[in-house]
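The values are calculated or read from the model by the stated rules, or taken from the named source; none is laboratory data. Owing to the predicted nature of the structure, the values given are computational and were not obtained by experimental measurement. Cβ: placed from backbone, ideal geometry, glycine included. Neighbour counts: every protein chain shown. Note: accessible area is taken over every heavy atom of the protein model, side chains too, but ligands, DNA and RNA are not part of it. Shrake-Rupley method; radii C 1.70, N 1.55, O 1.52, S 1.80 Å.
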Amino acid sequence: MQPLEKLKNALAAVGLLSMIGCSTIQEKEQPKIPSEKEKSSESIESMVAKANPIHLSSEETTYYDEKGIPLQFAEKIANMRDRYSARSYELGDIEKIYFSGNPDLAATLAALKSVGGDPVFNAKSIAKYVQIGGTTSFAKELASLVVMHEPLSLRIKREIKPKTLFDGDDIVNYWKAKGDPEFARSLLEIEKKRGTHLFADGFEVVDYWKAKGTVDYAKRLNELEDCNGLDPFLANDIIKLRKIDAPIEDIENILEKRNDAGKRIFAGGSARRILEEKLKIDDVLNVYNLEIDGKQVFKGSNNAVEFLSIGGKEEIAKKLVSLKDEKGGQYFYGFDIVEVLRSGVGFPVIEKMYKIRNSDGQLLFPHASTLSIFLLDKYTLEDAEKFAQLKNGQGKAVFDSESLFKYTAAQGEVTFAHQAIELKSPSGNPLIRDGYQLAEIVRYNLELNELKRYLKKYDKDPYAGPKAIMAARLRLEGEDFVFKDTKKPNLLLTFPTYDHNGALHTRFEREVMKGWLREHYDIRIEIAHTEKDIYDAIDNTPNLQVLWLAGHGLKESLGLSRASLTDLPEKEYEQTRVDTGDAEFAKYLQKLAPNATIILHSCSTGSGSNNEVNLASKVAEMAPGRTVIASKTSFNASEMNIIGYNPLDAIIRDRENTYKVRYENGKLTVLD
């Protein structure tokens, strides 16, 4: 194919033939704000993509110019991503697609949509598929397969939803494995008792194909029943059983074993482990039936199997069961016995460690599970004694059981804890008050020199420590601390100092805060430890068009900090959260622009029926005319979908979950 012909084909494939001859990106078009009617029918993925198009960086522009790749083509491919990812490609991926000689295939792959409306392929997986010579028909057939599954976020409600079985990477891997689409389709005949499909992810189909699995083998195993009266196996169990060529008769024999009450003993996972470890069923039953002082030691079959697999002996089990907790009850049970034995630590050390207390007199390991995990993480008796002795500037123990668990789970060291406790701002405000902060620092790989710099920024603030840690987590830089009021509308974005699970900063830092929002607004960023921090920030930000409050939430409150990290008396702990009782908040909300948008980036603040009081409705009532957007349930950062600017508009997870409300003419109106 001639170069000019290739260029024409490539541009035509992505709808850009008319742009031949253009070597630079035209002036950026402002995203079109969809009407309410359009919003109701358009997919969330499409709205997010339109509102937040990817533009090539200067580095990318230079690279593609040098390679002779039209920038419009590169930018079009760059925008082939799902609603949750800003950039799903590397520089070389677009180059591979352009020079593949098969731009029509790339365009076809880009057009394939999942049942939820997201692209099946992103730019990276398109590049891989084109490079390995995948065919259009293969990709289309796999992309058409839909299964019923139970999303993790909906398991509390026990809801079953449809999903596309294969994503782009799965299709790439199945092609590489010379997979048969008909085999994948046949696996869809196998359903679990709840109505979900046994194979609910494309990678499971790929792995089962590689294991030389058959549809009949999977069907027969799925028809068996375990000790819970349920389907005994997950797809992953069946894949592993197939890899060891486990006979179905042997599996049936294990699952049919019953106790004295006539109930089945083994779950599917236990049966798989017995066969994987080549354990004798009689030995497993002897351990399962082991009693000490008339009590069964291993109540779960899986614990008995694991105890045998690590070479556990009855003698050590008896010693561990003899240890008592603070209330005189049994300290070690089956699972904990297995876990502590995995550590390889002898009984004399275990006997000493489980009694260790911190300087406030609290047990460091009140439960056997915390001790076994501590030992499995390769910490020693000496480490435990040193952790127990650490005190903060107020003379209180730094670590209790839970904070030590979090710190050691992040592989924190005693020496590092000592150094961090010594850090203070120039005015003497400490970085550390308790072990939870230390765990946060280690978990997010924050450097002490970096924290020292942020401490200086918050020097005289009594809560300099918690604010410095959150600022470091968000990686705030010079421009983030300086509010510049230009012709753009103004937005106040507040983050709490309390974020126990990291839900409130990853996507903000990477995409939203430093990318999408800053393109459209002059942003003031505030780390809020108490309500006063939010009130002061509103006072200092003129003509606010958007107030974006982030924090972990409940129906009637949005949390800012842990009360234990304040100097407030207990009766004033309410200041560590924004809640429905904050009548004084109304005075500050009146300072927002009359048509402002208020985002409550917090779980469940819009929960309840439309006539119930929740934080969102209360805020709307205190800010007449302004639009409040909140979530009815829990969600994660990737589910905050910005679909429009000026006025700012968002969908949290989906339309059904989004609570959008406005108070006007003396009544509350729930908006579509």
Sort through Ser153, Ser137 and tell me the only one that's open to solvent by 20 Å² or more (accessible area, probe 1.4 Å) and modelled with pLDDT of 95 or more. Ser137
Would you confirm whether or not the stretch 409-417 contains a residue that is over 28 Å from Pro348 (Cβ atoms) and of a type outside the set (Gly, Ala, Ser)? yes
Within the bounds of the stretch 491-514, is there any residue that is touching an Asp or Glu at 6+ places or on another chain (Cβ under 6 Å) and of a type outside the set (A, V, I, L, M)? yes
Taking the condition out of contact with any helix residue (DSSP H, G or I) (no Cβ under 6 Å at 6 or more places or on another chain), at pLDDT 50 or above and surrounded by fewer than 20 Cβ atoms within 10 Å (Cβ to Cβ), does Ser58 pass? yes
Leading residue by the ranking (nearest to Glu204 (Cα to Cα)) among those in the stretch 228-240 that are open to solvent by 20 Å² or more (accessible area, probe 1.4 Å) and assigned to a helix (DSSP H, G or I): Asn236
With the requirement that a residue be surrounded by fewer than 22 Cβ atoms within 10 Å (Cβ to Cβ) and either without any contact (Cβ under 8 Å) to a residue 60 or more places away in the chain or closer than 22 Å to Ala623 by Cα (or both), what does the stretch 553-571 give you? Leu554, Lys555, Glu556, Gly559, Ala563, Leu568, Pro569, Glu570, Lys571
Within the stretch 608-628, take every residue that is at pLDDT below 95 and not acidic (Asp, Glu) and give me the one that is nearest to Glu531 (Cα to Cα). Val613
Here are some residues: Glu225, Glu182, Glu189. Which one is in contact (Cβ under 8 Å) with a residue 24 or more places away in the chain, closer than 30 Å to Glu249 by Cα, open to solvent by 80 Å² or more (accessible area, probe 1.4 Å) and not polar (S, T, N, Q)? Glu189
Of these, Lys50, Lys28, which one is at pLDDT 75 or above, open to solvent by 70 Å² or more (accessible area, probe 1.4 Å) and under 34 Å from the mean Cα position of the chain (by Cα)? Lys50
Would you confirm whether or not the stretch 572-589 contains a residue that is open to solvent by less than 10 Å² (accessible area, probe 1.4 Å), modelled with pLDDT of 95 or more, within 27 Å of Glu440 (Cα to Cα) and assigned to a loop (DSSP other than H, G, I, E, B)? no
Could you check the stretch 269-300 and list, in sequence order, the residues that are in a loop (DSSP other than H, G, I, E, B), among the basic types (Lys, Arg) and touching a residue at least 12 places away in the same chain (Cβ under 8 Å)? Lys299
Would you check which residues across the stretch 585-609 are within 29 Å of the chain's Cα centre (by Cα), in contact (Cβ under 8 Å) with a residue 40 or more places away in the chain and at negative phi and list them? Thr597, Ile598, Ile599, Leu600, His601, Ser602, Cys603, Thr605, Gly606, Ser607
For Gly116, work out the one condition from (1) within 25 Å of Glu225 (Cα to Cα); (2) under 22 Å from the mean Cα position of the chain (by Cα); (3) small (Gly, Ala, Ser) it doesn't fulfil. (1)
Give the residue, chosen from Asp170, Asp201, that is of a type in the set (Asp, Glu) and closer than 30 Å to His55 by Cβ. Asp170
Every residue from the stretch 67-79 that is farther than 13 Å from Tyr98 by Cβ and either buried (at least 21 other Cβ atoms within 10 Å of the Cβ) or more than 33 Å from the chain's Cα centre (by Cα) (or both): none
Answer yes or no as to whether Leu404 is touching a residue at least 24 places away in the same chain (Cβ under 8 Å), farther than 30 Å from Tyr454 by Cβ and assigned to a helix (DSSP H, G or I). no
For the stretch 196-206, does any single residue satisfy the condition of being modelled with pLDDT under 95, touching a Leu at 6+ places or on another chain (Cβ under 7 Å) and surrounded by fewer than 17 Cβ atoms within 10 Å (Cβ to Cβ)? no
Unmet criterion (only one of (1) under 24 Å from Phe332 (Cα atoms); (2) in contact with a Phe, Trp or Tyr (Cβ under 7 Å, 6 or more places away or on another chain); (3) at pLDDT 90 or above) for Ser301: (3)
Looking at the stretch 135-145, is at least one residue touching a helix residue (DSSP H, G or I) at 6+ places or on another chain (Cβ under 7 Å) and closer than 30 Å to Ile254 by Cα? no
The conditions are (1) within 29 Å of Leu285 (Cα to Cα); (2) at pLDDT 95 or above; (3) assigned to a loop (DSSP other than H, G, I, E, B), and Lys193 fails exactly one of them. Which is it? (2)
Single match in Ala304, Ala246 (criterion: crowded, with 16+ Cβ neighbours inside 10 Å, free of Cβ contacts under 8 Å to residues at least 40 places away in the same chain and within 30 Å of Ala184 (Cα to Cα)): Ala246
What number of residues in the stretch 351-392 are open to solvent by 60 Å² or more (accessible area, probe 1.4 Å) and among the hydroxyl-bearing types (Ser, Thr, Tyr)? 1
I need the strands (runs of 3 or more DSSP E) fully contained in the stretch 594-672, keeping only those with at least 2 residues that are open to solvent by 20 Å² or more (accessible area, probe 1.4 Å) and either of a type in the set (A, V, I, L, M) or in contact with a strand residue (DSSP E or B) (Cβ under 9 Å, 6 or more places away or on another chain) (or both). 658-664, 667-670
Hits in the stretch 408-434 - residues which are among the hydrophobic types (A, V, I, L, M, F, W, C), part of a loop (DSSP other than H, G, I, E, B) and either in contact (Cβ under 8 Å) with a residue 60 or more places away in the chain or surrounded by 21 or more Cβ atoms within 10 Å (Cβ to Cβ) (or both): Leu431, Ile432
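This table checks each residue for (1) open to solvent by 30 Å² or more (accessible area, probe 1.4 Å); (2) at pLDDT below 95.
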{"position": "Pro466", "(1), (2)": "no, no"}
{"position": "Arg475", "(1), (2)": "yes, yes"}
{"position": "Thr506", "(1), (2)": "yes, yes"}
{"position": "Asp539", "(1), (2)": "yes, no"}
Picked from the stretch 61-113 (must be of a type in the set (A, V, I, L, M, F, W, C) and part of a loop (DSSP other than H, G, I, E, B)), the residue modelled with the highest pLDDT is Leu112
Inside the stretch 379-395, can you point out the residues that are over 17 Å from Ala439 (Cα atoms) and either modelled with pLDDT under 95 or basic (Lys, Arg) (or both)? Gly393, Gln394, Gly395
